[in-house]
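Report on the structure given below.
The values are calculated or read from the model by the stated rules, or taken from the named source; none is laboratory data. Treat the numbers as computed from the prediction; the structure is a model and nothing was measured. Here the Cβ positions follow ideal geometry from the backbone for every residue, glycine too, while neighbour counts run over all protein chains shown.
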Amino acid sequence: MAFTKALRTALTGLAILATGTLAAGAQDFPKKDITHIMPWSAGGGTDTVMRTFLHYAEEPLGVGIRTQNVTGAQSGVGTLRLMKSRPDGYTIGSLTWDSMITVPYKNLVPGYDTASLSYLANVTLYPTVLAVNADTGWDTLDDFIAAAKAAPGEVTVSDSGIGGIWHLHALDMAEQLGVELNHVPFPNGSAEQREALISGENDAASLSYATVSSAAEAGQVKVLAVMGSERDPSLPDVPTFTELGYDVIWGGMRVLAVPAETPDEIKATLTAGFKAAFDNPEFQQKAADTGMNAFWMDGPATEAYVERTQTRALKLLDRLKSEGVLE
């Protein structure tokens, strides 16, 4: 009993000491480089966008930000590492749709709990697009629909993994269009998905425009329609699905987060640095040139948006599960 009491007292003392150390560290934060966990593959759309954004955050924060790609389980492996990291502000992470919806819904990673994270900011908010390989010869959504109806189940459309963001959007799109498609998953990220589209391995892809913007400009792929409520400024000549008579409105977000126990002072410092980076005219120009769909939301606004999106997506996932699409 005496030993147990002594051990409990010692552990309590260590916890208090750790808390005090974090609080003291918050006063002069940051004083060394920050590690950024990217749960998707290098070269993909999210990796490229977030590396670019965080480059502009280095100056206002006064330190370097080093990205580590930690892939697996549709972003779950890297995000779990963020959850388990020391809450001192020196480890941040990028989260996407799959990190906040697919991984917890499918219980892909033991011990995974989004409640253990604190959202700092949303950096981009982008509609999903339907892009096709240029060699298909499809110039309009009607062309795509006609080809799919002529060969049910043969037109291939890639996505980010079964039950993932682009998969859900492609499934809903196919239902609204009245076609049967062959869905091809790329669970490790959009870099491989993009290459498969460019090479012609897949006919089409459900993904963000930022992932294929350079390929579209090079004439390798063509965007047929946008799943936004209005036309994308980066694609002023491309119609939305709603314009064409189909109720298909979907998109994704890119969010920066830290462990929930990170001191408020540190979270405020990071958020201020990110906001300064976002407002930097050079970043805004870069975002416009590359079709990032930059869209700022602070922590509370991001949390509210994520909760609304989760509610809508989980209802769709439940429906797909009841239909046998998901196990």
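In table form, for the structure just shown:
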| read-out | value |
| --- | --- |
| Answer from Ala115, Ala225 - the residue that is out of contact with any helix residue (DSSP H, G or I) (no Cβ under 8 Å at 6 or more places or on another chain) and either buried (at least 22 other Cβ atoms within 10 Å of the Cβ) or closer than 30 Å to Ile266 by Cβ (or both) | Ala115 |
| Residues (within 17 Å of the chain's Cα centre (by Cα), among the polar types (S, T, N, Q) and assigned to a helix (DSSP H, G or I)) located in segment 193-212 | Gln193, Thr211 |
| Considering residues of segment 219-232 that are within 20 Å of the chain's Cα centre (by Cα) and part of a loop (DSSP other than H, G, I, E, B) only, the residue farthest from Gly291 (Cα to Cα) | Ser229 |
| Output for segment 145-170, where each listed residue is surrounded by 22 or more Cβ atoms within 10 Å (Cβ to Cβ), in contact with a strand residue (DSSP E or B) (Cβ under 8 Å, 6 or more places away or on another chain) and without any contact (Cβ under 8 Å) to a residue 60 or more places away in the chain | Val155, Val157, Ser158, Asp159, Trp166, His167, Ala170 |
| Breaking point among (1) under 14 Å from the mean Cα position of the chain (by Cα); (2) over 21 Å from Met292 (Cα atoms), for Lys106 | (1) |
| Condition met for Gly273 (modelled with pLDDT of 95 or more and in a loop (DSSP other than H, G, I, E, B)) | no |
| Test: residue in segment 24-46 that is of a type in the set (D, E, K, R) and either surrounded by 17 or more Cβ atoms within 10 Å (Cβ to Cβ) or in a helix (DSSP H, G or I) (or both) | no |
| Qualifying residue in segment 174-195 (condition: basic (Lys, Arg) and surrounded by fewer than 24 Cβ atoms within 10 Å (Cβ to Cβ)) | no |
| Residue check, Asp139 modelled with pLDDT of 95 or more, acidic (Asp, Glu), surrounded by fewer than 18 Cβ atoms within 10 Å (Cβ to Cβ) and assigned to a helix (DSSP H, G or I) | no |
| Candidate set: segment 234-289, residues that are surrounded by fewer than 16 Cβ atoms within 10 Å (Cβ to Cβ) and under 22 Å from Asp113 (Cα atoms); chosen: the one farthest from the chain's Cα centre (by Cα) | Asp264 |
| Filtered residue count, segment 85-110, keeping only those that are surrounded by fewer than 17 Cβ atoms within 10 Å (Cβ to Cβ) and closer than 25 Å to Ala313 by Cβ | 2 |
| Residues satisfying the stated conditions in segment 64-95, i.e. out of contact with any strand residue (DSSP E or B) (no Cβ under 6 Å at 6 or more places or on another chain) and either at positive phi or part of a loop (DSSP other than H, G, I, E, B) (or both) | Gly64, Thr71, Gly72, Ala73, Gln74, Ser75, Arg86, Asp88, Gly89 |
| Test result for Gln285, assigned by TED's automatic domain parsing to the domain that holds Gly64 and either farther than 23 Å from Pro60 by Cβ or aromatic (Phe, Trp, Tyr) (or both) | no |
| Verdict on Phe278 being more than 18 Å from Phe144 (Cβ to Cβ), modelled with pLDDT of 95 or more and of a type in the set (A, V, I, L, M, F, W, C) | yes |
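Yes/no per residue for (1) more than 30 Å from Pro263 (Cβ to Cβ); (2) outside any loop (DSSP other than H, G, I, E, B); (3) without any contact (Cβ under 8 Å) to a residue 24 or more places away in the chain:
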site: Tyr126; (1), (2), (3): yes, yes, no
site: Asp172; (1), (2), (3): yes, yes, no
site: Glu175; (1), (2), (3): yes, yes, yes
site: Glu180; (1), (2), (3): yes, no, no
